[in-house]
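Reading through the structure tokens given below for one structure.
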Amino acid sequence: MSNSTNSGPYNYTYIFKYIIIGDMGVGKSCLLHQFTEKKFMADCPHTIGVEFGTRIIEVSGQKIKLQIWDTAGQERFRAVTRSYYRGAAGALMVYDITRRSTYNHLSSWLTDARSLTHPNTVIYLIGNKGDLEAQRDVSYEEAKQFADENGLLFLEASAKTGQNVEEAFLETAKKIYQNILDGSLDLNAAETGVQPKQPMPKPVSNEAKPSDSQCSC
Amino acid sequence: MEKEPSTPEIQTQQNTNLNNPISRKLNKILESRIENDKELLESLKTLSMFFPENSIRSRRNLRSDIEKRSLVLNEEFLGAFRNVKEQLDDISSIIGSMSECSDNMLTRLKQVKLQTNELISKTNKLQNEKKDIDNKLKIADKFIEKFQLQSDEVNFLTPKKDGSLHPEFFKVLEKVRTIHENCKILLRTNQQTAGLEIMEQMAINQEAAYERLYRWMQNECRLLCSDTVEISDFMSTALFTLTWRPILYKYILDEYCNSRRNAIVKLFIDALTKGGPSGNPRPIELNSHDPIRYMGDILAWIHQATASEHEFLRSLFRKFKNNLELESSIKSSLGVIMDGVCRALRVRIEQVLVSQQDTILYKISNLIKFYDFTIRQRIDESCELIQTLVEMYQLSYKMFLNSLNIHATRLLDKIEPPNFELLPNEEFRRTLTLIKDIFDSYNNSVVSVNTKKDDYVQILDCVIEPMLQMCSLSAVNLSAIDMAVYMINCIYSIHSMLSLYEYTDSKLEKLEAQIDAHLDTLCNEQAYFILSKTDLLDAFKIIQSHDKKVRGPLVNVLGMDSNTLKSAMSKFDIYLAAPDNLIVSQFNLLLGSSIRLKLKQKSVRLVSDAYKLIYDAITDPENGYSNSNSIVPRTPDQTLKLLS
Ligand SMILES: Nc1nc2c(ncn2[C@@H]2O[C@H](COP(=O)(O)OP(=O)(O)OP(=O)(O)O)[C@@H](O)[C@H]2O)c(=O)[nH]1
Ligand SMILES: [Mg+2]
């Protein structure tokens, strides 16, 4: 037992809030699962409402806790899932490269994402199921062009093989972190989707209260 | 050479000579080899020394010379020997004294040996004693190590000036606890006094340490009031350690929950009224004009806060064993933390509910139910948040049913006769649309299938009966046909709407039965209409009630003569050629082609049944028609074929 600085998965500097959106069945939950558990869930049930996952990553030497909200793609949950865009620092917008319809719906998802999030929210387009090359229905170039036109980051990934999954989540975080350094994200609020951890008083202190915790409690 | 043969003679000579001493002597002399006799040579040599010249005198004196010489020699020898003897005597006396000496030593050795034995046994004894003492020392050291704190350890238990605790705090505290525990073993030995004393001392140490830990933890908890918290390993260990003092543990947990509850309330109010920095994201209340969005945002916020707090609690409890007890600890703590938002939440929901009606109320109730279900998975079910959600759901659902009832009573308030189209009125259609809306929102709804089923039944019970009642009431003054058409139209509208949705089967069955009842009326009317238009009605009625035994053959009955029948039958023939020309006019107002088809089929059967009755009567010889074939040229089968 020691109060050394490294206390494993409980130590971090920021919390970033993400939301994963996209049509039903495109593999949102599988991407999240692959990212948090490094496993592929072959028969994953439809998400009911929203689900939640976390993982701590490192960006430029900073430990960052990702708090990820995986939304249901089914239309009937749209009214519910819309409320989770609020305060997201990153939005992963997913389509299925083997189903054109999921790609065609992107603009509607994008409209939601733009209107319901902070202007600085990083939106990352993911073409999932990249492992099913034979069934491809949307070309890389076409999606890339869509992403460029709309100022989105873009990658093709596979929740099954894990290819590019890590990258998508990490690059989103990097971009958000960049925004923080640029000063375009205000850190002093819970609602930006980015929360600096509480200035931690070491396992000490009566008098050594951190000066900036002027809390009312 | 000559001697050779004489050898035996010599031998014999020798043998004879042996007996002669002189010869023996001679032989001896002859045989003796002087040069070989060393003694003799030696003697001769010696003799030559003092016998210089072989003179008489000297030969005469030889003996005395030799004797003299011998005497001298003996005297010399004597002298030398005396010397030797004297020396030997000396040696003997020395040896004598040596022996005496060694005797002496031997006795002394014996004595010493005796004394040493004693010493050795003494030494052994001492050595054993030393071993014992060493062991005792070791034991004492170990004992001290096991049953006492080192001075630095005592320091670790004392807080620093700034109130902080030493990193080794828990290790030492654990040691104190172990010592205290081990004292119980001591008490079972004959070390009871020591045991008691140490126990008391450790108890004091322990209480002081727990007290300090408690104070420290209390302070830490009070600092945990920002949006997110990070729980250090030290803190989680501290909480775990406090489980040894259940009361302190409970207080600290309360303290933690309190801090977080306050933080959550503040955050909630901020999210509602202030939003993010420089207003982005916008405050949730900005959307209060859109009740569904507003409620959705509020509940989603609560859900997310619950999830975050759940994570924080997990990290607070991470040093605990993962089991059911821990799970319930987390759930109940989460309940306490989320307590704080209940009042604000309740007020807002109620505010929204009072100004809404029908479908919106319904959607809100669904939304609340969904979040009840979602949040319930993480939190203690008996907590206030869940209670609030349940109550708010019940309230919204009750208000929804109320608003449905209002509709229903409004339906019954304004009873007016239907217009000439015999279609359901405006209010009826509006109510139907409302149900459709509600059911549609169900299709988009987030609640479970079971709820859906129950709700459907309840909603239908609440509305369908009053609707049907209204229809009956508004139709009281209509003719039987008009009434049946109108009722069928109304019921059919309901039926066709409901048939789009699941879980309406039993209701649909009931409605179908009602439609069928009205349809029967219409079929009879239609059949009567055809029979009367073809002038067969009278004949049909007479035949139906005719009793041959009483009144004789039919042919004699008034109005049943061949001619009358023939003319009627020809009209019937015309009908058969174009059956669709003879339809009750109101039937065209019937909604639903399936209903019209059913009506047609049923009435055709009635008509053909009637025809068969007439046909059978006329072709019955007892009835006295001579030319029955010309009256009824078609068999009933042919008629039925033509009609269908
Ligand atoms: N081959 C392949 N299958 C995938 C991949 N990702 C997901 N799937 C499959 O696609 C199906 C749907 O995946 P989900 O993750 O449940 O989809 P979702 O987007 O979460 O769906 P909703 O929760 O209904 O919105 C599952 O059967 C997965 O096994 C992938 O990368 N490759
Ligand atoms: Mg999913």
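The values are calculated or read from the model by the stated rules, or taken from the named source; none is laboratory data. Computed from a predicted model, the values in this text were never measured in an experiment. So basically every Cβ, Gly included, is an ideal-geometry build from the backbone, and we count neighbours across all protein chains shown. Heavy atoms of the whole protein, side chains included, go into the accessibility calculation; ligands, DNA and RNA do not. Shrake-Rupley method; radii C 1.70, N 1.55, O 1.52, S 1.80 Å.
Data table
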{"read-out": "Protection-proxy order for peptides B:528-538, B:219-229, each taking the mean of Cβ atoms within 10 Å per residue, highest first", "value": "B:219-229, B:528-538"}
{"read-out": "Near-label residues of the range B:540-554 by backbone N, under 20 Å of a point 7 Å along Cα→Cβ of B:Ile574", "value": "B:540"}
{"read-out": "Sites B:Phe81 and B:Asn20 - FRET efficiency at Förster radius 51 Å, r taken between beta-carbons, to 0.05", "value": "0.65"}
{"read-out": "With all protein chains modelled, accessible area of B:Lys171 [1.4 Å, Å²]", "value": "140 Å²"}
{"read-out": "Charge sum, other residues only, whose C-beta stays under 10 Å from B:Tyr362's C-beta, Lys/Arg counted +1 and Asp/Glu -1", "value": "-2"}
{"read-out": "Debye, to nearest 20: dipole size of the protein assembly as shown, +1 on Lys, Arg Cβ, -1 on Asp, Glu Cβ", "value": "2140 debye"}
{"read-out": "Solvent-accessible area per residue for chain B (1.4 angstrom probe, square angstrom)", "value": "58 Å²"}
{"read-out": "Viscosity 0.692 mPa s, temperature 37 °C, Stokes-Einstein D of the range B:406-488 from Kirkwood C-alpha radius, µm²/s", "value": "235 µm²/s"}
{"read-out": "Order of exposure, largest accessible area first, which applies to B:Lys250, A:Lys63, B:Lys321 with probe 1.4 Å", "value": "B:Lys321, B:Lys250, A:Lys63"}
{"read-out": "Simple label model, 7 Å out from Cα along Cβ direction - B:Lys510 to B:Glu421, nm", "value": "2.8 nm"}
{"read-out": "By accessible area with a 1.4 Å probe, ligands and nucleic acids excluded, highest first: order of B:Leu119, B:Leu468", "value": "B:Leu119, B:Leu468"}
{"read-out": "Area hidden from solvent between A and B (accessible, protein heavy atoms only, 1.4 Å, total, Å²)", "value": "4500 Å²"}
{"read-out": "Separation between Cα centres of the range B:465-527 and the range A:62-119, rounded to whole Å", "value": "48 Å"}
{"read-out": "Accessible area (Å², 1.4 Å probe, nearest 10) - B:Met49", "value": "140 Å²"}
{"read-out": "Local electrostatic count, B:Asn61, Cβ distance below 15 Å [Lys/Arg +1, Asp/Glu -1]", "value": "+3"}
{"read-out": "Cα centroid of the range B:383-429 to Cα centroid of the range B:171-231, whole Å", "value": "65 Å"}
{"read-out": "Surface accessible to a 1.4 Å probe, B:Glu255 within the full protein complex, Å²", "value": "40 Å²"}
{"read-out": "Top positive-direction residue, dipole computed over the protein assembly as shown with Cβ charges, set A:Thr54, B:Leu590, B:Val463", "value": "A:Thr54"}
{"read-out": "Rounded to the nearest 20 debye, dipole of chain B from Cβ charges on Lys, Arg, Asp, Glu", "value": "1880 debye"}
{"read-out": "Inter-site label distance for B:Ser499 and B:Asp437 at 7 Å from Cα along Cβ, in nm", "value": "2.6 nm"}
{"read-out": "The range B:223-398, relative contact order in percent, only Cα pairs under 8 angstrom and at least six apart counted", "value": "25 percent"}
